[in-house]
1. Quote the total accessible area buried by chains A and B together, excluding ligands, DNA and RNA, probe 1.4 Å, nearest 100 Å².
2. Given axes a ≥ b ≥ c from the Cα gyration tensor, I'd like to know whether the range B:1-141 is rounded (a/c under 1.5), prolate (a/b larger than b/c) or oblate.
3. When you count, for each residue, the other Cβ atoms within 10 Å and take the mean per peptide, how do A:103-109, A:155-161 rank with the highest first?
4. Under the Kirkwood approximation applied to all pairs of distinct alpha-carbon atoms, what is the hydrodynamic radius of chain A in Å?
5. Amide H neighbours of A:Val42 under 5 Å, at least 5 residues apart or on other chains, H built in the peptide plane: list them.
6. What's the FRET efficiency of A:Arg230 with A:Val100 using the Cβ-Cβ distance as r and R₀ = 41 Å, to the nearest 0.05?
7. If you put +1 on each Lys and Arg Cβ and -1 on each Asp and Glu Cβ, how big is the dipole of the range B:48-319 around its Cα centre, in Debye rounded to 20?
8. For the modelled label position 7 Å from the Cα of A:Leu140 along Cα-to-Cβ, which residues of the range A:164-198 have backbone nitrogen atoms closer than 20 Å?
Amino acid sequence: MSQAEALAAPPALYTPHAAPRATDAAVELRLKSLHYGDFRAVRDVNLTIRRNAVTALIGPSGCGKSTVLRCINRMNDLVRGFRLDGEVRFRGRDIYDKAVDPVAVRRAIGMVFQQPNPFAMSVARNVTFGLKLNGVRDHLNERVEQALRGAALWDEVKDHLNKSALSLSGGQQQRLCIARAIATQPEVILMDEPCSAIDPIATLKIEELMTALKAKYTIVIVTHNLQQARRVADDTAFLYVDRSAGGRTGYLVESGPTAEFFANPREKPTQDYVAGAFG
Amino acid sequence: MTRPDPTGTLARPPTRFDKWADRSFRGLAATSAALAVLLVVGIVAQIAGQAEPAVREYGVDFLTTSKWDPSGKKFGVLPQIAGTLYSSVLGVALGSLFGVTVAIVLTQDFLPPRLEAVAKGVVELLSAVPSVVYGLWGIFVVIPALRPLANAAHETFGALPIFGTRLSGPGLLPAAFVLAIMVLPTVTAISRDALAAVPGKLREAAFGLGATRWEAIVKVVLPTASRGIFGAIVLAFGRAVGETMALAMLLGNSNSFSWSLFAPGTTLATLMANQWPESGAVEKGALMYAGLVLLGITLLINSVGTLILRRTVRVEEAHQ
């Protein structure tokens, strides 16, 4: 099969997601509290993440926005002493149900991290890594191209697919990580401050990418950059730190469609934060 | 805010004492470093000097013949070279398998942190056990334990050269076994460092893509640490090649080489330990030559190991 044919006839992996489309929600968070050992990091986050939209989690340092994000694909399970009280509904079930395998969750909900973290392998092997985990062995070249095109990186690396991923610039590495995440066509992509370690021009590219990717994916992004949330997010959720009772517990203050959120914040902390009083 | 008076600065040039202390300390450090280098050069020169007559007399034949006959003044260390390499390869292969596994358990969140620290300490303690104690343990525990198994293997698969003889007492397998335990702390300590140096963000990336713990270790962590682990194995090899006491006790000092795991054998180091006390002037020269050969092998292996380790560090730095 030629490359063009392979792309024209999408392999089985590219069929639309089997998840129920009855609701508009891709993920529903109903978190009562998140603990690290005895430390209560987050409380009361009730948030609906809309399908094929970009949802931004914003808030000051230490408000638990990354912790909340990492609940959505059970990455926090890797942290010793982490406990979750509440539920995260995805594809009609609670992913914290005992019967659910966290590895399966992470295969359906991809993640891009704060620091670009490509493996010390070639560009192509970085992209195929997730495919191989999922047992996909056919059309690898086409899939690599498709993923790299999807991450707006193809033109820059198509002649160096066998070069080490570590030879790429920071911004290119981060787009490679996005390509690696979308190669398996997950349903949701989580991005944990994906632009904080890269320069402004690369940031712009990744922001454009997010807007393009939401046609196919549901995206949740953590950012400390209000302007970024304004530019890319359809919905914005603001988390703040509750320092009463001597603790430092993050909680969800309010959330809503981005334009409305920034135009008319309802709560006092949100108004101060959006006005640039702190943060 | 008022600016401090420019002449009121607290900055002072270093005193004469400061300069003197700095110079003397640098001198002391340089002298120590030079002494260490001189010592190595001196030892090599001394051994080479003592071996020189034997080198001139026996030349390359020394390395390719098998006779050790002090009365006939015929000397060759081929079985010793072969035995050294064979026992080291076996011991290091066993020890590496074991050691890398232990290093994985110690670094990949298999144990609670406190237990991890305890287990690490216990493994390091293995390097504090004297060689002669390992030898005795080998004689009284390992050989009797292996003997029934070894002899059963010989009876069943005796046609294979590696099972070609019975294990009657000392032999290669018990020696390799004890050697494996002796190199375990080296392998574990260095590969533990290499594994711990794998950036956490790479493990996160693997888990984030939906890798199981096993997949994350085999496909990401081990390959990233592979140079360091390889370096650990080479350094362990260097150690195994020079090991003397335990092997002299367990290998049986037979001046021959056999592929059988159960046959007695010999190494360069055990040859020197066994022959030296009763040797005459000519044999001493030959033993010095054997020492030179051993030194060459060890030096070669250690330089390769160091080189590999240095390159690993550079790869890891590039990844920061």
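The values are calculated or read from the model by the stated rules, or taken from the named source; none is laboratory data. Since we're looking at a predicted model, the values are computed, not measured. No Cβ is skipped: glycine too gets one built from the backbone with ideal geometry, and neighbour counts run over all protein chains shown. Remember, those area values only see protein heavy atoms, side chains included, never the ligands or the DNA or RNA. Shrake-Rupley method; radii C 1.70, N 1.55, O 1.52, S 1.80 Å.
1. What A and B bury together is about 1800 Å².
2. oblate
3. Values: A:103-109: 20.1, A:155-161: 14.1.
Result, highest mean first: A:103-109, A:155-161.
4. Radius from the Kirkwood sum: 19.5 Å.
5. Under 5 Å from the amide H of A:Val42 lie the amide H atoms of A:Leu34, A:Gly250, each far enough along the sequence or on another chain.
6. 0.70
7. Details: 19 positive and 16 negative charges, 66 e Å.
So the magnitude is around 320 debye.
8. A:164-167, A:176-186
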